[in-house]
Amino acid sequence: MNYRENRVHSSKVKPFSYYQCLIPDEFAYAPMHWHSEFEINFVREGFAEFNCGDEKFVSSAGDIIVIQPNVMHSVYPCPDAHQVYDTLVFSHEIFGRSETDRYINECIKPLMNGSMRIPMHITAAHNYYNELEMMMENIFACAKGDAPQLDMLMRSELLRFFWLLETESEVDADFHEPSEVIRPALEYISIHFRENITIRQLAAVVHLSESYFMNQFQKYVGFSAIEYISHFRINQACKRLTSTKESVLEIAFDCGFRNISNFNRQFRKVAGCSPTEYRRKMKSAE
């Protein structure tokens with residue numbers, strides 16, 4: 001098991017996937033993860049808290065969130081609020097595959113390796129927002145239409161979208177994603193979440209002092225390491241509640257909790273309901 005997202009979002013025939021996301025109605029939250037594809041989110045309604053790389057912000061209706069490949073990100077609901085947003089996850093191959101094309105080498109590859117940073121959180125205050133919003137509507141209409149002819153239009157709109165954002169960006173050859181330092185700790189948690197995990201163990205994994213590690217983890221993940229471990233375990237429990245018929249007690253113990261009362265309390269804190277209520281709600285939504 002690896003904390004890198006394992007879901008396949010693209011293929012050579014169709015290099016993208018479309019999702020409509022409802023938080024917390026459809027799923028409680030999207031825990032910190034990353035993938036090798038690009039991701040664009042277009043918020044339709046409500047509020048949610050995004051953690052993307054070293055940025056943390058609350059999104060609202062009309063916002064556009066652009067996540068470049070391999071950038072760690074998560075989404076959590078705001079208290080007493082929900083959010084609905086459209087998501088497009090797509091491979092860089094949607095822009096073409098030629099290794100000799102200068103536009104691939106000078107415009108697309110810097111987006112892929114992070115040396116060119118474009119705006120991540122685009123709101124109505126952006127200079128080109130009206131144009132970008134129109135492109136979003138077209139892109140997602142094409143994604144929902146899911147036809148080869150619409151793929152052509154979607155690709156052209158994506159190119160226009162990134163072209164417009166790149167007009168305000170520059171390549172930084174020395175760029176290094178600051179959150180890379182805690183990525184090994186996240187991978188360790190994803191493998192050992194069933195076990196007792198200490199700050200000392202995690203700090204040793206990333207070769208930092210415990211105090212500096214805790215500071216960096218809080219900065220880039222948005223939670224303390226202990227809070228994050230609990231959230232990760234709850235997320236695993238949510239998957240088991242919806243995909244198996246195992247008892248709540250079995251799931252709690254197999255996801256790293258040693259006290260059923262603590263599991264129920266932590267689950268309600270994160271998901272907003274009891275494990276039994278969550279299972280019932282997810283089953284009725286099928």
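One residue stands out among those in the range 53-101 that are among the aromatic types (F, W, Y) and closer than 24 Å to Y220 by Cα: the one that is surrounded by the fewest Cβ atoms within 10 Å (Cβ to Cβ), which is F57. Among the residues of the range 204-223, is there at least one that is in the same structural domain as C255 (by TED's automatic domain parsing), crowded, with 21+ Cβ neighbours inside 10 Å, among the aliphatic types (A, V, I, L, M) and in contact with a strand residue (DSSP E or B) (Cβ under 7 Å, 6 or more places away or on another chain)? Yes, that holds for at least one residue.
Kindly indicate whether any position in the range 131-150 is of a type in the set (D, E), out of contact with any Cys (no Cβ under 7 Å at 6 or more places or on another chain) and assigned to a loop (DSSP other than H, G, I, E, B). Checked the range 131-150: at least one residue is of a type in the set (D, E), out of contact with any Cys (no Cβ under 7 Å at 6 or more places or on another chain) and assigned to a loop (DSSP other than H, G, I, E, B). Of everything listed in (1) assigned to a helix (DSSP H, G or I); (2) under 18 Å from the mean Cα position of the chain (by Cα), the single unmet condition for F267 is (2).
Considering F257, F232, F217, the condition of being among the aromatic types (F, W, Y), out of contact with any Leu (no Cβ under 7 Å at 6 or more places or on another chain) and farther than 30 Å from V58 by Cα is satisfied by F257 alone. Look at the range 38-59: where a residue is at positive phi and a partner is buried (at least 20 other Cβ atoms within 10 Å of the Cβ) and in a strand (DSSP E or B), sitting 6+ places away or on another chain with Cβ atoms under 9 Å, you get G46/I23; G46/S59; G46/P77; G46/Q83; G46/Y85; G53/I67; G53/H73.
Within the range 145-173, the only residue that satisfies the criterion of being among the aromatic types (F, W, Y), farther than 18 Å from Y18 by Cα and surrounded by 13 or more Cβ atoms within 10 Å (Cβ to Cβ) is F162. For the range 195-232, the tally of residues that are assigned to a loop (DSSP other than H, G, I, E, B) and aliphatic (A, V, I, L, M) stands at 3. Out of everything in the range 102-144 that is of a type in the set (V, I, T) and either without any contact (Cβ under 8 Å) to a residue 12 or more places away in the chain or touching a strand residue (DSSP E or B) at 6+ places or on another chain (Cβ under 7 Å) (or both), what residue ends up being surrounded by the most Cβ atoms within 10 Å (Cβ to Cβ)? The qualifying residue surrounded by the most Cβ atoms within 10 Å (Cβ to Cβ) is I139. Of the listed requirements (1) touching a residue at least 12 places away in the same chain (Cβ under 8 Å); (2) among the charged types (D, E, K, R); (3) assigned to a loop (DSSP other than H, G, I, E, B), E99 misses just one: (1).
The values are calculated or read from the model by the stated rules, or taken from the named source; none is laboratory data. In this text the structure is predicted, and so the values were computed from the model without any measurement. We place every Cβ from the backbone using ideal geometry, glycine too, and count neighbours over all the protein chains shown.
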